Amino acid sequence: MKKTLTLIRYALAGIAFVLICLLSFGYLTQQNHTVKSFLDGRVLTEFHVPTKSTFLDGSWMKETEGYVDDRMVGRRLLLTLHAAVATKVFRSNEISGVWIDRKTGMLQEDMPVLAPIERLDAGLTNLQAITTTNHVPLLFVYIPKKQEAFADVLPKNWDNVYLDNKPSVLAEFAKHGPVLDLTPTVSDKSTRMKDWFLTDHHWSQYGAMAASTAVRNQLNLMGLPAPTALPTMDISTKYPNFIGSIGRRITTAGVPKRDPFTVTWSSKSDLTHCMNRSIHRAVCNDPIFSKARGYQKDVYSNRYGTFMGGDNGIDDLRGNGTGTYIILKDSFGDSFVPYFALGAKRVVAIDERHYSGEALSKLIADVKPNGVIFMHNQLTMSTFTDHEIAAWR
Amino acid sequence: MVFTSTVFFYAFLPLAFLLYFLVPARHRAFPLLFVSLFFYAWGEPRLVLLIMASAVINYITGRILVRAQLRRRLILIIGIVLNLAPLVVLKYTNFVLTLTGHSDIAARTHLPLPIGVSFYTFMAMGYLIDIYRRRDEGSDTFIRFAAYLTMFPHLVAGPIVRWEHIGEQLRAPKFDSRMFSYGAIRIATGMAKKSLIADQLAVSVDKLFALQQSPSLATAWLSMVMYSLQIYLDFSAYSDIAIGLAAMLGVRFHENFDYPYHAKSAAEFWRRWHMSLGSWFRDYIYIPMGGSRVGPVKLWRNLMVVWALTGLWHGAAWTFIAWGLYYGLLIGLERTVYGKALAALPSVIQHLYGLLLAGFGWVLFRSTSFAQARDILSALFPVGSRPITDSWSSFVIHENWVLLVLAIAIAAGIARPVMRRMESNLLEATNQWSIVQSLTWTVVVIVLMIIATAFMVAVKYVPFIYFRF
């Protein structure tokens with residue numbers, strides 16, 4: 001007995017080490033089921049038995065490493081621990097590519113590599129030709145990224161590729177139609193903290209509302225029938241605080257403040273919403289705001305998807321107001337479109353990444369819009385595949 | 001498979017330990033060889049055949065050398081050539097092609113560089129040379145030799161272990177409770193050193209060395225200091241983990257680092273830095289060439305050859321060769337009146353000299369070209385209109401000051417007394433390992449493992465951004 005105790009005394013550190021490894025391994029072997037992670041925004045890697053070819057080409061090893069990384073016991077806690085150590089012990093303000101403004105709680109993500117805008121030229125030329133042929137005005141709306149709205153507070157050594165590229169993007173738009181740059185609208189220092197989420201890369205509903213007003217004004221200037229001005233927002237729905245896309249990269253421990261999330265709406269709204277349905281369908285009652293998404297329990301759930309239920313291939317909103325428009329949009333449009341459509345007659349919003357319906361030229365012929373609005377940000381346009389560009393046919 | 005990965009610690013290692021310890025001690029070379037080959041195949045599924053071939057060829061050559069009475073030198077030469085051939089072809093072909101004006105062919109040539117080939121090739125050559133010199137009789141079984149050559153603790157990044165040091169240990173590596181805990185402590189401290197400190201330094205170092213513009217004075221110094229810290233903590237952490245893993249398996253490796261930034265001369269630096277490599281070149285190249293027991297001309301020849309080869313071993317580029325020759329020159333000078341004058345200086349000046357020469361060398365080592373090295377080295381001195389600071393230096397210091405303080409403290413040896421006491425109490429049979437020490441170090445191991453794992457997981461964490469665009 002004494003000998004055993006002595007053995008344990010000497011071997012204890014080693015035993016603890018091996019036990020942790022063994023227990024973690026045991027846990028890993030029980031995790032091979034389909035899991036969609038709110039934190040990761042994707043289905044976590046699953047384990048597959050190796051085959052000769054997957055072993056020899058090394059793909060099985062990479063996949064298994066991904067499986068172990070994804071399914072580590074206590075992974076969320078571990079990521080939170082990392083963020084806590086990085087911010088509170090090492091006093092870093094930049095972790096995992098996210099810049100943390102501790103005073104305001106505003107998070108900014110690092111700059112991507114952007115593909116040249118010129119590769120869209122053929123598609124935009126096509127778009128212009130379709131709208132011209134159908135005698136429908138075309139308006140390009142430039143959506144700034146958060147790094148553009150807050151360019152003055154980013155670290156000086158961050159090369160702001162969005163600002164660097166912006167002139168060429170606006171020039172490319174201008175080749176094909178009139179341009180509205182929303183940067184001044186949503187980067188005003190007196191309102192920008194409200195116009196953007198702290199922990200998400202999107203603008204908030206306030207930014208979306210300001211943008212919808214700016215677009216209305218632009219349409220008026222162009223002499224087009226514009227939706228009426230926004231009514232009073234007298235309905236408020238408060239959802240749980242959340243951590244958005246940028247905050248998920250650094251978890252709760254790295255986030256100084258979570259985003260409060262209250263969605264306001266007007267009791268005078270007469271809008272109906274068809275989500276991912278045929279435009280010829282007469283009546284729809286799909287919710288404009290998804291309460292299911294809004295009330296999801298997980299703090300990392302994608303609360304921005306409350307707006308129109310998230311990215312849909314096509315959203316068709318109809319009311320009794322003024323103006324019919326087709327909008328080619330990205331996720332920024334999810335919050336923009338409802339507020340723009342308030343006071344409109346009809347707004348058909350297409351998200352090219354998820355749309356595979358009828359050709360745009362037929363859509364224009366069927367919907368008979370007063371105008372087509374192309375509204376995207378640089379990152380979306382930079383990553384468009386041929387599928388998205390082909391949507392403008 | 002790298003050491004600081006979750007798949008290594010939480011998938012591979014548990015299975016490796018289970019297989020290893022389930023088998024009686026005298027047969028443990030078998031599971032050790034098996035798991036080591038699996039470990040190697042994880043990164044090189046096809047090139048694992050190369051290391052197996054190396055094991056077979058070197059074992060057979062070794063047996064022949066043991067028995068041969070005649071033509072022993074010829075057999076050794078054949079063995080060396082067979083070892084060097086794949087290393088030279090796979091590692092240096094493109095360099096030679098570029099050197100001989102065939103850059104276009106070099107650009108089209110994509111030869112794989114097997115993991116650890118420089119390490120296991122040198123181990124194998126050392127094995128044959130020791131047999132040739134009759135210092136050792138080598139291994140009597142192929143399995144034991146193959147286990148020695150492919151042993152996963154040293155496979156990726158050394159240390160370059162000699163057969164005379166561990167050959168007998170591999171005959172029947174027993175479970176030793178003291179070594180078991182010692183190994184775990186070395187592994188955990190190594191994990192933390194690499195994941196928390198070295199890898200975090202690397203983020204800033206990579207950015208600093210990728211700057212397109214000429215650095216300010218502060219940025220140049222930061223680049224040098226941070227890289228000096230990064231490379232030491234990274235490499236020594238790997239050695240810590242390797243030594244720890246071997247200890248847990250019942251095998252004792254020699255140390256590979258001895259606080260190199262305590263050195264007061266270039267010669268002393270290399271007696272403390274990557275000691276297994278330095279001693280290899282000393283014993284198998286320098287001394288056979290005559291070492292220091294020759295006239296001045298031959299001495300300089302010996303130094304330049306050894307140090308050029310040392311540089312070349314690190315990489316196929318002129319900057320590596322220049323880095324090696326830089327040390328050859330300094331070590332040669334230190335053998336002259338220059339060295340005597342240096343030794344007469346106050347200790348603190350000598351220490352500063354040691355730090356600076358290491359730092360200058362690392363700038364050359366890390367730079368992708370001589371032009372970049374010149375740019376950074378010249379920026380270290382306040383000459384002309386170069387700015388003292390810039391946005392980069394302010395940013396890096398602001399973001400990393402805690403990390404820097406910690407890294408400097410560890411490199412300076414703040415933990416040395418504690419680690420030495422642990423080693424002494426745990427490994428020396430005459431000393432006691434108290435319950436308090438046992439519990440304390442167990443807690444340290446657990447805490448460091450958890451924090452290091454958190455950093456390992458964070459490095460691999462790349463969430464898909466919902467509605468990213």
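The values are calculated or read from the model by the stated rules, or taken from the named source; none is laboratory data. Keep in mind the model is a prediction, meaning the values are calculated, not measured. Glycine also receives a Cβ, built like all others from the backbone with ideal geometry; neighbour counts cover every protein chain displayed.
Any residue at all in the stretch B:212-222 that's in contact with a Pro (Cβ under 7 Å, 6 or more places away or on another chain), surrounded by 24 or more Cβ atoms within 10 Å (Cβ to Cβ) and of a type outside the set (D, E, K, R)? So far as the stretch B:212-222 goes, no, none of its residues is in contact with a Pro (Cβ under 7 Å, 6 or more places away or on another chain), surrounded by 24 or more Cβ atoms within 10 Å (Cβ to Cβ) and of a type outside the set (D, E, K, R). Being touching a Lys or Arg at 6+ places or on another chain (Cβ under 6 Å) and surrounded by 15 or more Cβ atoms within 10 Å (Cβ to Cβ) is the filter; apply it to the stretch A:247-273 and report the residue that is nearest to the other protein chains (Cβ to nearest Cβ). The qualifying residue nearest to the other protein chains (Cβ to nearest Cβ) is A:Phe261.
Restricted to the stretch B:414-434, and to residues there that are in a loop (DSSP other than H, G, I, E, B) and among the small types (Gly, Ala, Ser), the residue that is farthest from B:Ser181 (Cα to Cα) is B:Ala415. Looking across the stretch A:196-247, just one residue is under 19 Å from A:Phe150 (Cβ atoms) and of a type in the set (D, E, K, R), and that is A:Asp200. Identify all residues within the stretch A:87-100 that are surrounded by 15 or more Cβ atoms within 10 Å (Cβ to Cβ) and at the interface with another protein chain (Cβ under 8 Å from one of its Cβ atoms); write none if there are none. Within the stretch A:87-100, A:Phe90, A:Ser92, A:Asn93, A:Glu94, A:Ser96 qualify.
Buried (at least 17 other Cβ atoms within 10 Å of the Cβ), within 14 Å of chain A (Cβ to nearest Cβ) and closer than 29 Å to B:Glu168 by Cβ: does that describe B:Tyr40? Taking the combined requirement at face value, the residue satisfies it.
For the stretch A:105-121, the criterion of being assigned to a loop (DSSP other than H, G, I, E, B) and in contact with a Pro (Cβ under 8 Å, 6 or more places away or on another chain) is met by at least one residue.
Of everything in the stretch B:1-35 that is polar (S, T, N, Q) and closer than 18 Å to B:Asp240 by Cβ, the residue that is farthest from the other protein chains (Cβ to nearest Cβ) is B:Thr4.
Inspection of the stretch A:150-167 finds a residue satisfying the criterion of being in the same structural domain as A:Ala349 (by TED's automatic domain parsing) and under 18 Å from A:Phe374 (Cα atoms).
Scanning the stretch A:346-374 for residues that are on the phi < 0 side of the Ramachandran plot, of a type in the set (D, E, K, R) and not in a strand (DSSP E or B), we see that the one that is surrounded by the most Cβ atoms within 10 Å (Cβ to Cβ) is A:Glu352.
Can you confirm whether B:Gly413 is more than 14 Å from every other protein chain (Cβ to nearest Cβ), on the phi > 0 side of the Ramachandran plot and in contact (Cβ under 8 Å) with a residue 24 or more places away in the chain? Yes, satisfied.
Being surrounded by 14 or more Cβ atoms within 10 Å (Cβ to Cβ), more than 7 Å from chain B (Cβ to nearest Cβ) and hydrophobic (A, V, I, L, M, F, W, C) is true of A:Val73. Inside the stretch A:38-62, residues that are surrounded by 16 or more Cβ atoms within 10 Å (Cβ to Cβ), more than 8 Å from every other protein chain (Cβ to nearest Cβ) and not β-branched (Val, Ile, Thr) make up a count of 4.
Could you list, in sequence order, all residues of the stretch A:375-393 that are within 14 Å of chain B (Cβ to nearest Cβ) and either within 12 Å of A:Ile326 (Cβ to Cβ) or outside any helix (DSSP H, G or I) (or both)? Passing the criteria: A:Met375, A:His376, A:Asn377, A:Thr383, A:Phe384, A:Thr385. Of the residues making up the stretch A:261-311, just one is hydroxyl-bearing (Ser, Thr, Tyr), in contact with a strand residue (DSSP E or B) (Cβ under 8 Å, 6 or more places away or on another chain) and assigned to a helix (DSSP H, G or I), namely A:Thr306.
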